[in-house]
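Worksheet: the structure to be examined is printed underneath.
The values are calculated or read from the model by the stated rules, or taken from the named source; none is laboratory data. These figures come from a predicted structure and were not determined experimentally. Cβ placement follows ideal geometry from the backbone for every residue including glycine, while neighbour counts extend to all protein chains displayed.
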Amino acid sequence: MAKTTAKTAPAATAAPKASAAKKAAAKDNSAANGSANGQAGPSVQPILNQQFNAPAPLQKYGTVSQRLPIGLDSSTRQESVEMLNQMLADTCTIRDMYKKHHWQVVGPTFYQLHLLYDKHYEEQDALIDMIAERIQILGGVAVAMAADIAEVTSIPRPPRDREEAPVQVSRLLEAHQIILKNCHDFAKRADDSGDDGTNDLIVSNVMRTNEMQVWFVSEHVVDTPLARAE
Ligand SMILES: [Fe+2]
């Protein structure tokens, strides 16, 4: 018994400083819920509102750590993370444009565009997760929230208004082209720096998906006769 006490004593004396804030938060929560904390074993009360007294972030946005042993040097990771965050912000933007247009489309092509836009939304959403997780694997921090994405993306902001279907299509094709130009540039740079995983993601996933979507969307603005051949 004496041994056990001797072992646990240092931990017990080292803990109070670090746990002082936790205890205060627990006390606050207990008071807020009107419970008698500590009377009947460990509390099941969640420790709420910890964001208001948060410590320094685990990692700052824009920095790249060398956490994972994936055989790439820091300058290669840094360059890839910057490229991928641009690609992530642009992909989030075109994904949301597809949903906007899915909701707002009108006209004779309503049904097929309504369905096609949602299919493309889902495909872009899948790309987003691949890009963001690649950023994390490389040791970076993926941009995530809408307000931050709006600042990073290079795709022009569409109006909140409902627009005609051909205008929607033109906006989407412009966005696709911005992404695809970046794909060619970024794939080349990733290849040059030896980041084969990023090169493969950009070519096999992002580029191929966007090219296919350009095809399906573009054919809706070819001015061909609907009922009578000319
Ligand atoms: Fe829907």
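Things worth noting here:
- Of the helices (runs of 4 or more DSSP H) lying entirely inside segment 138-230, those containing at least 3 residues that are under 22 Å from the mean Cα position of the chain (by Cα) and closer than 16 Å to Tyr98 by Cβ span 165-193, 208-218.
- Among the residues of segment 79-112, those that are more than 15 Å from Glu123 (Cβ to Cβ) and of a type in the set (Val, Ile, Thr) comprise Val81, Val105, Val106, Thr109.
- Failed item in (1) within 20 Å of Arg157 (Cβ to Cβ); (2) of a type outside the set (D, E, K, R); (3) surrounded by 14 or more Cβ atoms within 10 Å (Cβ to Cβ); (4) free of Cβ contacts under 8 Å to residues at least 60 places away in the same chain, with Ile135 passing the rest: (1)
- Among the numbered conditions (1) touching a Gly at 6+ places or on another chain (Cβ under 8 Å); (2) more than 19 Å from Asn205 (Cβ to Cβ), the only one that His101 does not meet is (1).
- Residue under evaluation Phe216, criteria (1) free of Cβ contacts under 8 Å to residues at least 40 places away in the same chain; (2) farther than 20 Å from Ile137 by Cα; (3) assigned by TED's automatic domain parsing to the domain that holds Pro166, criterion not met: (1)
- Test: Asp148 is of a type in the set (Asp, Glu) and closer than 14 Å to Ala175 by Cα: no
- Hits in segment 104-124 (condition: closer than 17 Å to Ile179 by Cα and either away from the ligand (no atom under 13 Å from the Cβ) or touching a Gly at 6+ places or on another chain (Cβ under 8 Å) (or both)): Glu123, Gln124
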